[in-house]
Amino acid sequence: MRKVILIFNPASDRGRSAQKASDSQAIIEKEGGAEWAATEHPGHATSLAEQAARDGFDVVVAMGGDGTVHEIVNGLMQVEADKRPALAVVPIGSGNDFAYSCGIDMELQQSILRVFKGTPAPVDLGRITDGSGRSQYWDNSAGFLFDAAINIQSRKITRIYGFMMYLTATVKSIIENYDPTHLTITVDGETFERDLLMLTVGNGAREGGGFLVTPSAKNDDGILDYLMVAPISRLMMFQLLPVVMQGKHGRYPFVTLKQFKQIELEADRAVPIHLDGELWAPYEADVRKVRIEIIPAAIQVIR
């Protein structure tokens, strides 16, 4: 019998997840039960997950969206690998991109059954460090420039949910946040300079609830993928949107899709950054230099 703790984010999916959590209780009790812990503020899931690991739980369940998973991953990584519980995900958020990349069923009952009957398997993580030494782990995607501008826009949208929220934020960002940035980029020791509109690093294939930004990325292959988009017109970016949803944008000459183990970025201006949909560096943080690296097989995920 697995010793399970379920960390539930009542604010997930803009507060619409409470009913799903209530619906799941009978299923969980039938499978053997779990301890429940509700998050009360941003970052709370990180400390709850770390404490759960130190208390000897076998499985820590993220019941929420990508933000909840992100916080729990950072909590689990605070303890030694041999004491680190497995991570399970019950995806009830707005994007659920990490769950998608892990092949986790989006249907509530099936995802809960996986918690108790699934098999743990190793999953890679990314780690980002800025010029001041601030560091954080991320599990699915790290978005820069236009990608992060979309994330900032999405936080201003309150009446639309899920994929349509991200799509609306993307359209607004094309209109309002569209200046290229000059970057010096070092990929696995090779340095070059580039003007870019968008840069996304993917451990998984999808972000934003439906955009296959790094379509070949796999979170258990020991390598990260990146997407770079050179300056193009707003009209061309609008035309690119449906192609990105299908993951077929690699055919365009202004798109670069490659893989790496470590990348360093230095920009001529402040670079906004999101990690798994969580805003890590707003413009006012004035982050201009970062390093990203792969941490292979960092955690066990019940898939």
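The values are calculated or read from the model by the stated rules, or taken from the named source; none is laboratory data. The structure presented is a predicted model; accordingly, all values stated were derived computationally and were not measured. Here the Cβ is made from the backbone with ideal geometry for all residues, glycine too, and neighbour counts use every protein chain on show.
Please go through region 167-189 and give me each residue that is farther than 15 Å from Ser233 by Cα and either of a type in the set (A, V, I, L, M) or out of contact with any strand residue (DSSP E or B) (no Cβ under 6 Å at 6 or more places or on another chain) (or both), ordered by number.
Leu167, Thr168, Ala169, Leu183, Ile185, Val187, Gly189
Please pick out the residue among His44, His70 that is of a type outside the set (Gly, Ala, Ser), closer than 24 Å to Arg206 by Cβ and under 21 Å from the mean Cα position of the chain (by Cα).
After ruling out the rest, the residue left standing is His70.
Inside region 279-303, can you point out the residues that are within 26 Å of Ser111 (Cβ to Cβ) and at pLDDT 95 or above?
Ile295, Pro296, Ala297, Ala298, Ile299, Gln300, Val301, Ile302, listed by residue number.
Being touching a residue at least 12 places away in the same chain (Cβ under 8 Å), of a type in the set (S, T, N, Q) and touching a strand residue (DSSP E or B) at 6+ places or on another chain (Cβ under 8 Å) narrows it down to one residue among Thr46, Thr68; which is it?
Exactly one of Thr46, Thr68 is touching a residue at least 12 places away in the same chain (Cβ under 8 Å), of a type in the set (S, T, N, Q) and touching a strand residue (DSSP E or B) at 6+ places or on another chain (Cβ under 8 Å), namely Thr68.
Go through (1) closer than 19 Å to Asp130 by Cβ; (2) under 16 Å from the mean Cα position of the chain (by Cα); (3) not small (Gly, Ala, Ser) one by one and return the number of the condition Phe211 breaks.
Failing condition for Phe211: (1).
Can you pull out the helices (runs of 4 or more DSSP H) entirely within region 74-177 that have at least 1 residues that are touching a Leu at 6+ places or on another chain (Cβ under 9 Å) and either surrounded by fewer than 20 Cβ atoms within 10 Å (Cβ to Cβ) or not β-branched (Val, Ile, Thr) (or both)?
It comes to 146-154, 162-176.
Out of region 11-32, which residues are surrounded by 14 or more Cβ atoms within 10 Å (Cβ to Cβ) and not charged (D, E, K, R)?
Within region 11-32, Ala11, Ser12, Ser17, Ala18, Ala21, Ser24, Gln25, Ile27, Ile28 qualify.
Which one is nearest to Gln259 (Cα to Cα) among residues in region 178-206 that are assigned to a loop (DSSP other than H, G, I, E, B), in contact (Cβ under 8 Å) with a residue 24 or more places away in the chain and of a type in the set (D, E, K, R)?
Going through the qualifying residues, I end up with Asp188.
For Leu183, all conditions in the list (1) within 21 Å of Tyr283 (Cα to Cα); (2) in contact with an Asp or Glu (Cβ under 9 Å, 6 or more places away or on another chain); (3) at pLDDT below 95 hold save one; what is the number of the exception?
(3)
Among the residues in region 244-259, are any surrounded by 22 or more Cβ atoms within 10 Å (Cβ to Cβ), in contact (Cβ under 8 Å) with a residue 40 or more places away in the chain and either more than 29 Å from Arg84 (Cα to Cα) or in contact with a strand residue (DSSP E or B) (Cβ under 6 Å, 6 or more places away or on another chain) (or both)?
The answer is no; no qualifying residue exists.
Which condition from (1) touching a Ser or Thr at 6+ places or on another chain (Cβ under 8 Å); (2) within 18 Å of Leu145 (Cβ to Cβ) is the one that Phe238 breaks?
Checking Phe238 against (1) touching a Ser or Thr at 6+ places or on another chain (Cβ under 8 Å); (2) within 18 Å of Leu145 (Cβ to Cβ), the one that fails is (1).
With the checklist (1) modelled with pLDDT of 95 or more; (2) in the same structural domain as Val271 (by TED's automatic domain parsing) in hand, flag the one item Asp147 doesn't pass.
Failed condition: (1).
Out of the residues in region 178-213 that are closer than 30 Å to Met106 by Cα and of a type in the set (D, E, K, R), state the one that is surrounded by the most Cβ atoms within 10 Å (Cβ to Cβ). Step through it out loud before you land on a result.
So in region 178-213, the residues closer than 30 Å to Met106 by Cα come out as 198-213.
Pick out the ones that are also of a type in the set (D, E, K, R) and you get 206-207.
Details: Arg206: 23, Glu207: 29.
Across region 178-213, the extreme among qualifying residues is Glu207.
Scan region 109-149 for residues that are among the acidic types (Asp, Glu) and under 16 Å from the mean Cα position of the chain (by Cα) and jot them down.
Within region 109-149, Asp124, Asp139, Asp147 qualify.
Quickly run through region 216-237 and pick out the residues that are more than 21 Å from Ile273 (Cβ to Cβ) and part of a loop (DSSP other than H, G, I, E, B).
Ser216, Lys218, Asp220, Asp221, Gly222, Ile232, Ser233
Quick one: Val213 ticks every box in (1) modelled with pLDDT of 95 or more; (2) outside any loop (DSSP other than H, G, I, E, B) bar one, so which box is it?
(2)
Does region 36-53 hold any residues that are loosely packed, with under 14 Cβ neighbours inside 10 Å and out of contact with any Asp or Glu (no Cβ under 9 Å at 6 or more places or on another chain), and which are they?
Glu40, His41
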